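Trainee: Pasting a structure here, questions to come.
The values are calculated or read from the model by the stated rules, or taken from the named source; none is laboratory data. Values in this document were obtained by computation on a predicted structure and should not be read as measured data. Reconstructed Cβ throughout: ideal geometry from the backbone, glycine too, with neighbour counts over all protein chains shown.
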Amino acid sequence: MNFQLSGTKAEGYQLVAGYLGAAAMAAGAVVLLPLLFLLAFPEEMPYAVDFIAPGVASITIGYLLLLFIKGKHRSQLKKHQDSVVIAASWIIAILVSAVPFVMTGRYDFPQAVFEAASGYTATGLTVVDVEQSPKIFLAFRSIMLYFGAVGFVLAMTSILSDRYGMRLYTATGHNDRLIPNLIASMRTVSAIYTGYIASGTLLYLVFGMSWFDALNHSIAALSTGGFSTKALSIGAYDSFPIEIVTIVLMLLGSTNFFVHLLIIKGKFSGWLRHCETKFSLVLIGLAAPLICALLLGGVARDLPRAARLALFQTVSALTTTGFRTAGDFAAWPSSALFILIILMLVGGGAGSASGGIKQARIVIILKSAFRNLRQKFNDRRIIAPDTVHALGGESVISDEDRTQAGLFALVYLAIFAMGTLAYCFFGYSIQDSAFEFASALGTVGFSTGITGYAAPSGVLWVGIAGMLLGRLEIYVVFMGFARIAKDAADAIHGR
């Protein structure tokens, strides 16, 4: 593990330290951004120090770490060291962003880390009483959602060179590469998201929200984060137009970044033919009517109310947003909750802001399963390869694609089972535990009441682990820790 400042070449953990310095600087800048809202809410000026202290400290420490690579030739990171950088960068951002919550004296360390983790992973589970919270903290939560959705690593690596920064960006699962240049990619993604947020904010204003609520809800919907400024979430407004705007924003947020280019360029046929677009429409078309039927006569007394509840919660679960119009999920029938659990596990599109197993993987798994069934029951041998229409073109599903999709789904479901069991150990029912951990792992934000200000610290740490694993697509975290363990063992034994 070489950390020398001498020489003209940065490599190994000296290079990792430099990258983490960039992450710390980016995290510090994010923490300082909520100060802009003091222009609108000057009465909250006493909270400024809660953001200035950690923000400036993080930027300063980050700059000192950046000196490890500043002005030096950067060698290639060793195998899986990019995973170390990604996982550590997210942890740094979460820890730095937890400090403002701790400094208020209202939250202990696990609560603060949980809230920050929920923000950066675009989950939306919360321990904050949003009706009583200062506006600057509500704005801070939305800012974390924005950077978590666009990709904190994308913002961090903009400080670095294109060649090395793009390698870190693609390591987070964004393998679509809008265009082969980091800065241009960042500008494209940011422009697309900013345009959607501005449009959503304007529409929310038209339909009766205040400017502050409109901005926060627009960011939260598009980032599929689900943080609300109201305790009852979108349900507090009881407005069908607001629900429709939210549904559109949630669907956009769960769409692959590359597909947005197709939409913007007017290539709607390419968007409609995209495998994830068709699959999500099919799922919504099946799940929403079924949930509607299950709610009718119980949670909802009439068909229009049941249909509104079913459609909104279905889209919110599938896009892993977590906004809700339902008052209390505890009143929902178990069958309806089971459908929501399945939707949360499936998740949104690959290369989007949403979580879950991802629809592209599910499509590959289903196509492979149907192919195997056809081969078993069909006398004639199937020679034609399976294909999927993705990102504007037709792609052949390879054996490696099938293996990778199946393996990821298996690992994901195994972690889901372990997290559910962990919540059961705290005395919660298996239904509530499965629903809550599916929400955390899928970065959704729905809750049956397990997560909250009064939740035990152990429950919060299980949720934090689930959110991080879900946001970083599991393998990044595992490979990062495995690389650190190997390097530590080599250092101890002098290898």
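Trainee: Looking only at segment 111-128, decide whether some residue is farther than 19 Å from residue 440 by Cα, touching a residue at least 12 places away in the same chain (Cβ under 8 Å) and not charged (D, E, K, R). Spell out how you get there, then give the answer.
Mentor: First, pick out the residues of segment 111-128 that are farther than 19 Å from residue 440 by Cα: none.
Looking through segment 111-128, none of the residues is farther than 19 Å from residue 440 by Cα, touching a residue at least 12 places away in the same chain (Cβ under 8 Å) and not charged (D, E, K, R).
Trainee: Further question on the same structure: Return the total of residues in segment 289-327 being free of Cβ contacts under 8 Å to residues at least 24 places away in the same chain and in a loop (DSSP other than H, G, I, E, B).
Mentor: Number satisfying all stated conditions: 3.
Trainee: Answer with yes or no whether residue 212 is part of a helix (DSSP H, G or I), of a type in the set (Phe, Trp, Tyr), out of contact with any Cys (no Cβ under 6 Å at 6 or more places or on another chain) and crowded, with 16+ Cβ neighbours inside 10 Å. I'd like the intermediate steps shown before the answer.
Mentor: Values: part of a helix (DSSP H, G or I): yes; of a type in the set (Phe, Trp, Tyr): yes; out of contact with any Cys (no Cβ under 6 Å at 6 or more places or on another chain): yes; crowded, with 16+ Cβ neighbours inside 10 Å: yes.
Considered against the rule, which asks whether it is part of a helix (DSSP H, G or I), of a type in the set (Phe, Trp, Tyr), out of contact with any Cys (no Cβ under 6 Å at 6 or more places or on another chain) and crowded, with 16+ Cβ neighbours inside 10 Å, residue 212 comes out as yes.
Trainee: Would you point out the residue of segment 310-333, among those that are within 14 Å of residue 243 (Cβ to Cβ) and aromatic (Phe, Trp, Tyr), that is surrounded by the fewest Cβ atoms within 10 Å (Cβ to Cβ)? Let's see the steps before the verdict.
Mentor: Filtering segment 310-333 for residues within 14 Å of residue 243 (Cβ to Cβ) gives 310-316, 319, 321, 323-326.
Filter again for aromatic (Phe, Trp, Tyr), leaving 312, 323.
Numbers: 312: 23, 323: 29.
For segment 310-333, the residue satisfying everything is 312.
Trainee: List the pairs whose first member sits in segment 1-19 and is aromatic (Phe, Trp, Tyr), whose second member is modelled with pLDDT of 65 or more, and whose Cβ atoms are under 6 Å apart, counting only residues at least 6 apart or on separate chains?
Mentor: 3/14; 19/85
Trainee: Would you mind stating whether residue 92 is among the β-branched types (Val, Ile, Thr), surrounded by 22 or more Cβ atoms within 10 Å (Cβ to Cβ) and part of a loop (DSSP other than H, G, I, E, B)? Steps first, answer last, please.
Mentor: Values: among the β-branched types (Val, Ile, Thr): yes; surrounded by 22 or more Cβ atoms within 10 Å (Cβ to Cβ): yes; part of a loop (DSSP other than H, G, I, E, B): no.
The answer is no for residue 92.
Trainee: Restricting to segment 215-253, and then to whatever is of a type in the set (Gly, Ala, Ser) and out of contact with any helix residue (DSSP H, G or I) (no Cβ under 8 Å at 6 or more places or on another chain), can you tell me which residue is surrounded by the most Cβ atoms within 10 Å (Cβ to Cβ)? I'd like the intermediate steps shown before the answer.
Mentor: Taking segment 215-253 and keeping what is of a type in the set (Gly, Ala, Ser), we get 218, 220-221, 223, 225-226, 228, 231, 233, 235-236, 239, 253.
This time we only want the ones that are out of contact with any helix residue (DSSP H, G or I) (no Cβ under 8 Å at 6 or more places or on another chain), so: 231, 233, 235-236, 239.
Working: 231: 12, 233: 25, 235: 19, 236: 15, 239: 17.
Among those that are of a type in the set (Gly, Ala, Ser) and out of contact with any helix residue (DSSP H, G or I) (no Cβ under 8 Å at 6 or more places or on another chain), it is 233.
For (1) farther than 14 Å from residue 312 by Cβ; (2) in contact with an Asp or Glu (Cβ under 6 Å, 6 or more places away or on another chain); (3) part of a helix (DSSP H, G or I), each residue gets a yes or a no:
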residue: 245; (1), (2), (3): no, no, yes
residue: 255; (1), (2), (3): yes, no, no
residue: 272; (1), (2), (3): yes, no, yes
residue: 277; (1), (2), (3): yes, no, yes
residue: 287; (1), (2), (3): no, no, yes
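Trainee: Do the conditions hold for residue 192, that is, is it in a loop (DSSP other than H, G, I, E, B), surrounded by fewer than 22 Cβ atoms within 10 Å (Cβ to Cβ) and modelled with pLDDT under 95? Walk me through how you get there before you give the answer.
Mentor: On the way: in a loop (DSSP other than H, G, I, E, B): no; surrounded by fewer than 22 Cβ atoms within 10 Å (Cβ to Cβ): yes; modelled with pLDDT under 95: yes.
Against the criterion (in a loop (DSSP other than H, G, I, E, B), surrounded by fewer than 22 Cβ atoms within 10 Å (Cβ to Cβ) and modelled with pLDDT under 95), residue 192 does not qualify.
Trainee: Quick one: in segment 283-309, of everything that is over 30 Å from residue 350 (Cα atoms) and basic (Lys, Arg), which residue is surrounded by the fewest Cβ atoms within 10 Å (Cβ to Cβ)?
Mentor: Among residues in segment 283-309 that are over 30 Å from residue 350 (Cα atoms) and basic (Lys, Arg), the one surrounded by the fewest Cβ atoms within 10 Å (Cβ to Cβ) is 301.
Trainee: Also: With the condition kept exactly as written, say whether any residue in segment 145-159 is under 21 Å from residue 324 (Cα atoms) and modelled with pLDDT under 85. Spell out the reasoning first.
Mentor: Narrowing segment 145-159 to residues under 21 Å from residue 324 (Cα atoms): 145-146, 148-149.
From the residues that got through so far, the ones that are modelled with pLDDT under 85 too are 149.
Among the residues of segment 145-159, at least one is under 21 Å from residue 324 (Cα atoms) and modelled with pLDDT under 85, which makes the answer yes.
Trainee: Which one of the conditions (1) outside any loop (DSSP other than H, G, I, E, B); (2) modelled with pLDDT under 95; (3) surrounded by fewer than 23 Cβ atoms within 10 Å (Cβ to Cβ) does residue 138 fail to meet, given that it meets all the rest?
Mentor: (2)
Trainee: Out of (1) over 19 Å from residue 367 (Cα atoms); (2) without any contact (Cβ under 8 Å) to a residue 24 or more places away in the chain; (3) more than 25 Å from the chain's Cα centre (by Cα), what's the single condition that is false for residue 418?
Mentor: The single condition residue 418 does not satisfy is (3).
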